[in-house]
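Working notes, structure below.
The values are calculated or read from the model by the stated rules, or taken from the named source; none is laboratory data. From a predicted model like this one, the values you see are computed outputs, not experimental measurements. Note that each Cβ is placed from the backbone with ideal geometry, even for glycine, and that neighbours are counted across all protein chains shown. Areas reflect the complete protein model, heavy atoms only, side chains present, ligands, DNA and RNA absent. Shrake-Rupley method; radii C 1.70, N 1.55, O 1.52, S 1.80 Å.
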Amino acid sequence: LCAEKSGIEGRAVRVRREVQEPKFKWGAVSHASVGVVTQWDADDGHATVSFPDADEWHCLASELEVDPVSDRVRDGARVRLRAGKVPRKGRGGIWRATPSAPWSSGRARARCAS
C-alpha cells in the first residue's frame, strides 16, 4: 500500500543509458550521476531529483532507473568509508577508526505506518 502511494520518491536513481538527451536537458547531470527522487507526479510523469551537483533536477520519471547499489543505502543503514577515500560532502561524525556508523542523507523522508 505505502509503495503504491509514494511511487519512486526517496529512491536512488540515475538516468537510463538509453536516454541520449533528457527532455529538460542535462545540466550538471550525466549517466554516471546518482541522486534521490524528491518529487514524483504520477499524473504527468514528471520527477524532481536531488543530485550532488544538481539539486532539484527536473525530468520525466520514464528517463530514470533505480540504481540497485545506491538504493540499498537508507537512513540508519550502517556503512563504512573506503580506506583512503574522503566523502565529497564531508565526514560528518564518521572517522577512519569508526568501523561502521549510521548513515543519514540529511533530508527528511516520509515514513509509512506499518
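Quick one: ranking D71, D44 by accessible area, 1.4 Å probe, largest first, what do you get?
Solvent-accessible surface, decreasing: D44, D71.
Under a point spin-label approximation (7 Å from Cα along Cα-to-Cβ), what is the E18-V73 distance to one decimal in nm?
It is 2.8 nm.
Heavy atoms only, 1.4 Å probe, whole protein assembly: order R72, R14 by accessible area, highest first.
R72, R14
Just to verify a number: what accessible area does F24 come out at with the full protein assembly present, 1.4 Å probe, Å² rounded to tens?
Looks like 70 Å² after rounding.
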